Amino acid sequence: MTQKLPDKIPTLRVVPLPADTNAYGDIFGGWLLSQMDLAGASEATSLAKCRVVTVGVDSMNFHQPVFVGDEVSFYTEIVRTGRSSIAVHVQSWARARAEAINNSRMVTEGVFTFVAIDENRKPVEIAQ
Ligand SMILES: CC(C)(COP(=O)(O)OP(=O)(O)OC[C@H]1O[C@@H](n2cnc3c(N)ncnc32)[C@H](O)[C@@H]1OP(=O)(O)O)[C@@H](O)C(=O)NCCC(=O)NCCS
């Protein structure tokens, strides 16, 4: 996967606040995971056009720390589809508030798998 800032609009862009820190004052990994899950679900829902649930998280990597006030952008790309499942690669890039966007650093990446479900919570086929 690319180490270059993706040349597209991020699926989600968020600024973490002091409430999102761990005991040492850096941004909590669980906060980053939940934002990645939200971004991935948004991408998967666009394809499935119905409710999706997260079924698995693979190859999760935290490359660099994130700090309070950084602007964090989440970029998503569908990497695999099955009958009902959609795997989405999610990459997050952070920049200090006063930095130019080109000085963003890649901070996390992972692959999240979602399953399209019906009103009875049963997997449904994705219309391709
Ligand atoms: C997602 C869920 C409906 C799947 O039900 P299931 O009975 O396991 O369904 P299946 O075995 O038919 O699998 C459905 C698809 O999920 C895939 N899948 C199941 N477990 C998986 C895993 N751990 N990782 C990746 N894919 C997985 C299967 O390969 C299958 O893909 P395909 O249809 O593209 O071939 C069920 O496991 C569930 O409700 N889980 C809880 C989801 C949840 O609450 N998430 C957190 C909040 S969003």
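The values are calculated or read from the model by the stated rules, or taken from the named source; none is laboratory data. This one's a predicted model, so the numbers in the text were calculated from it and none came from an experiment. All Cβ positions, even for glycine, are placed from backbone atoms using ideal geometry, and neighbour counts span all protein chains on display. Calculation scope for accessible area: heavy atoms of the full protein, side chains included, ligands and nucleic acids excluded. Shrake-Rupley method; radii C 1.70, N 1.55, O 1.52, S 1.80 Å.
For segment 96-110, the set of residues classified as of a type in the set (A, V, I, L, M, F, W, C) and open to solvent by 20 Å² or more (accessible area, probe 1.4 Å) consists of Ala96, Ala98, Ala100, Ile101, listed by residue number. When each of Gly69, Gly40, Gly56 is tested for being out of contact with any Cys (no Cβ under 7 Å at 6 or more places or on another chain), open to solvent by less than 50 Å² (accessible area, probe 1.4 Å) and in a loop (DSSP other than H, G, I, E, B), the lone residue that passes is Gly69.
Let's see how each residue does on (1) closer than 23 Å to Arg121 by Cα; (2) in contact (Cβ under 8 Å) with a residue 40 or more places away in the chain:
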{"residue": "Gln3", "(1), (2)": "no, yes"}
{"residue": "Asp7", "(1), (2)": "no, no"}
{"residue": "Arg51", "(1), (2)": "yes, yes"}
{"residue": "Arg83", "(1), (2)": "yes, yes"}
{"residue": "Met106", "(1), (2)": "no, yes"}
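Filter segment 86-110 down to the residues that are small (Gly, Ala, Ser), away from the ligand (no atom under 16 Å from the Cβ) and part of a strand (DSSP E or B) and list them by number. Give the steps one after another, and end with the answer.
If we filter segment 86-110 for residues that are small (Gly, Ala, Ser), which is where we start, we get 87, 92, 94, 96, 98, 100, 104, 110.
Next, from what is left, pick out any that are away from the ligand (no atom under 16 Å from the Cβ): 92, 94, 96, 98, 100, 104.
Ser92, Ala94 - these are the residues of segment 86-110 that are small (Gly, Ala, Ser), away from the ligand (no atom under 16 Å from the Cβ) and part of a strand (DSSP E or B).
In segment 48-75, of all residues being within 23 Å of Ile86 (Cβ to Cβ) and among the polar types (S, T, N, Q), the one that is nearest to the ligand (Cβ to nearest atom) corresponds to Thr54. Scanning segment 74-85 for residues that are in a strand (DSSP E or B) and of a type in the set (Lys, Arg) yields one hit, Arg80.
Each residue in segment 17-30 was checked for being open to solvent by less than 30 Å² (accessible area, probe 1.4 Å) and in contact with a helix residue (DSSP H, G or I) (Cβ under 6 Å, 6 or more places away or on another chain), and 1 pass. When Thr45, Thr11, Thr113 are checked against the criterion of being within 12 Å of the ligand (Cβ to nearest atom) and open to solvent by 40 Å² or more (accessible area, probe 1.4 Å), a single residue qualifies: Thr45. Looking only at residues in segment 75-95 that are over 13 Å from Phe112 (Cα atoms), of a type outside the set (S, T, N, Q) and in contact with a strand residue (DSSP E or B) (Cβ under 7 Å, 6 or more places away or on another chain), which one is most open to solvent (accessible area, probe 1.4 Å)? Result: Arg95.
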